[in-house]
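Working notes for the structure below.
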Amino acid sequence: MNGTGSSRPATVEAGDTGQVVTSVKDVRVAAVRALGSRAGRAAAGACVLEGRSLIEQVLTAGTPLREVLRAQSASAPEDEQLAGRLRDRGVAVHRVRDGVLRQVAGSGRPVAWLALAALPAEAEVSAPWGDFVLVCDGVADPGNLGTLVRSGRALGIDDIVLTDPGTDMTSRRVLDSSRGTALTARMRRFGSPAEAVAALRTAGFQIVATSPHGRHLQALAPLDGRPVALVVGGETSGVGQEVIDAADLLVAIPMAGAVESLNVGVAAGISMYELRTKRVLSVLTERIRGSLGRDITLTGRFIRDALDRAAREAAGLSSAQVIALMVVTAEQHTPADELRRDLGVDAQELHDLLVPLTERGWLAHRENAYTRTPEGEQALAALWPVHQQVEQGLLAGLSADERRTLRDLLGRVRTNATGHAGLLPLQHRDQGREAGGDAL
Ligand SMILES: C[S@@+](CC[C@H](N)C(=O)[O-])C[C@H]1O[C@@H](n2cnc3c(N)ncnc32)[C@H](O)[C@@H]1O
């Protein structure tokens, strides 16, 4: 390898450039040093990532890297592997003398890898939102900020809101503690907490502020189904009073013992997990409540229960048995297959259903078909008015036209259901039983 102590820029090419940088004045090294300040990062539109595993994670997330500095001594198989990935991505890798790289990193400890990553632009305030937003109101510690973003992203939260121009999300500590996720989060910045809350309210969020002195126990927070904006506060002063005043809820995580508050990173992790889970469950419950399938199933069950009650009181039978008796009596002779289709049961269920009727002599079973008997006709004559009375009660208030429409609509839904790819038609259910050796 050639040594280079000059400030002459080397040609940037993919993979290892084959030169060793030996001076802190080298332009590639100087470019990284310039990113030590927030202003330098803003001017270059880039930030610094330290360490092999962080660089690997950021590469995996697809964040563009501009250049990479690799310590001369970093030659373990894992280092070679990362070098290969960078080469494949077309990222230039410069070898740097270990002492120089340590100086550039400025941490006083050995550093094997440093990378320059492009800084993504912060999102426009008007960009679309997800359904759960984390608002950092005055959180100052870079380690906490990074932890908040990392936990949020791990829980599927993409939107991070900052309530002041001062919070810096580009420092090495933020990037390190966020494990690079700060580069892929949708970050929005407002001029003040009041502006942030106003924008979130306009966007339809339920604003949930957190405080160790909150009025609501977080686990019982009455979420109302709107998207949630969870506000966490700064290390010393907590969530600002104007945000608390404007929030829909102020929630607390209960604490035992002589503890004034939780660390904001820990508290936010608990809040995001608990409120997000609560929200998913409440939205799910609403969706289930609003589902037509649930309505039809429930209605069907209530109708069957009403008919069952009446049939049991009148003859000790179920409504399905009375209906089977009606069908066979009306048709005189009904093949078992047809009866199964009419009643929506499989062969075993039909058998179990009709045994009491054949035992009473109300139906005769011969050659895989059922025929009516005079005793059955008599029994039906007695049961029919009971059945009709219940049916009239169920359809009370519906006009003749509405009843016809209801029948038509139900027939169409039934056709869709039995033709639906996800539903197992009755004959297949029977085949399944046969394959499993169940008695028919
Ligand atoms: C260290 S605390 C701030 C303490 C501050 N003295 C206060 O009274 O809010 C930082 C943030 O963590 C969150 N936090 C800490 N403990 C909490 C708890 N028990 N319940 C809810 N949030 C809590 C809140 O967002 C709080 O603003």
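Return the Rg/Rh value of the chain, two decimal places, where both radii are evaluated on C-alpha atoms and Rh is the Kirkwood radius. Intermediate values should be presented prior to the final figure.
Values: Rg = 35.6 Å, Rh = 28.3 Å.
Checking Rg against Rh, the ratio lands at 1.26.
Mean residue ellipticity at 222 nm from the helices of the chain, using -39,500 (n - 2.57) per DSSP H segment of n ≥ 4 over the full residue count, to the nearest 500 deg cm²/dmol? Before the final figure, lay out each step's value.
Values: 17 runs with 213 residues, N = 440.
Helix-only estimate at 222 nm: -15000 deg cm²/dmol.
Rounded to the nearest 10 degrees, what's the angle between the helix 347-359 long axis and the longest principal axis of the chain, both from Cα atoms, 0 to 90?
Roughly 30 degrees between the two axes.
Which residue fluctuates the most in the chain, going by a Gaussian network model with Cα springs under 10 Å, if the choices are 62, 233, 316?
Answer for the Gaussian network model of the chain: 316.
Specify whether the C-alpha gyration tensor of segment 110-226 places it in the rounded, prolate or oblate class, a ≥ b ≥ c being the square roots of the eigenvalues: rounded for a/c under 1.5, otherwise prolate if a/b is larger than b/c and oblate if not. Could you put the intermediate results ahead of the total?
Details: a/c = 2.00, a/b = 1.61, b/c = 1.24.
Prolate shape, in that a/c is at least 1.5 and a/b is the bigger ratio.
Nearest-5 percent of antiparallel DSSP beta bridges in the chain?
35 percent
For segment 293-435, what percent of Cα pairs sit more than 28 Å apart? Numbers along the way, then the final one.
Values: 2388 of 10153 pairs.
Across segment 293-435, Cα pairs with separations above 28 Å total 24 percent.
Can you give me the relative contact order of the chain as a percent, contacts being Cα pairs under 8 Å and 6 or more apart? Kindly include the intermediate steps, with their values, before the conclusion.
Working: 683 pairs, mean separation 45.3, N = 440.
Result for the chain is 10 percent.
Taking the alpha-carbon centroid of each part, what is the distance from segment 63-96 to segment 388-402 in angstrom?
When both Cα centres are located, 78 Å separates them.
Given labels modelled 7 Å from the Cα in the Cβ direction, how far is it in nm from residue 220 to residue 140?
3.6 nm
Does anything in segment 90-107 have its amide N under 20 Å from the 7 Å Cα→Cβ label point of residue 27, and if so which residues?
The answer is 91-97, 101, 104.
Run the dipole for the chain about the Cα centre, Lys and Arg Cβ at +1, Asp and Glu Cβ at -1, nothing else charged, and hand back the magnitude in debye, nearest 20. The partial results should precede the final answer.
Working: 49 positive and 52 negative charges, 364 e Å.
Rounded to the nearest 20 debye, it is 1760 debye.
About its Cα centre, how strong a charge dipole does segment 132-289 have in debye, to the nearest 20, once Lys and Arg get +1 and Asp and Glu get -1 at the Cβ? Please list the in-between numbers first.
Values: 16 positive and 16 negative charges, 135 e Å.
Rounded to the nearest 20 debye, it is 640 debye.
Carbon and sulfur: what percent of the chain's accessible surface (1.4 Å probe)? Each step should come with its number before you reach the end.
Values: 12050 of 22790 Å².
Its accessible area is 53 percent carbon and sulfur atoms.
Have a look at 125, 223, 108 and report the one farthest towards the positive end of the charge dipole of the chain, computed about the Cα centre with Cβ charges (Lys/Arg +1, Asp/Glu -1).
Going by the charge dipole, the pick is 108.
With springs only between Cα atoms under 10 Å, which of 400, 379, 320 fluctuates most in a Gaussian network model of the chain?
Greatest mean-square fluctuation among the candidates belongs to 400.
With a 10 Å cut-off between alpha carbons and a GNM built on the chain, which of 285, 147, 373 moves the most?
Sorting by GNM fluctuation, first place goes to 373.
Accessible area of residue 326, 1.4 Å probe, to the nearest 10 Å²?
Number for this one is 30 Å².
Could you compute the longest span of the chain free of GluC sites (Glu not before Pro) located in DSSP loops and having at most 16 other Cβ atoms within 10 Å, not counting the site residues? Working shown, then result.
Working: sites that count: 13, 122, 124, 235, 260, 367.
With a cap of 16 other Cβ atoms within 10 Å, the longest stretch comes to 125-234.
In nm, what is the difference between 0.36 nm times the number of residues separating residue 371 and residue 418 and their Cα-Cα distance?
Details: separation 47, 0.36 × 47 = 16.92 nm, distance 2.68 nm.
Result: 14.2 nm gained on full extension.
The values are calculated or read from the model by the stated rules, or taken from the named source; none is laboratory data. All figures in this text were calculated on a predicted structure; none of them were measured in a lab. Positions of Cβ are backbone-derived with ideal geometry, glycine not excepted, and every protein chain shown enters the neighbour counts. Only protein heavy atoms, including side chains, enter the accessible area calculation; ligands, DNA and RNA are left aside. Shrake-Rupley method; radii C 1.70, N 1.55, O 1.52, S 1.80 Å.
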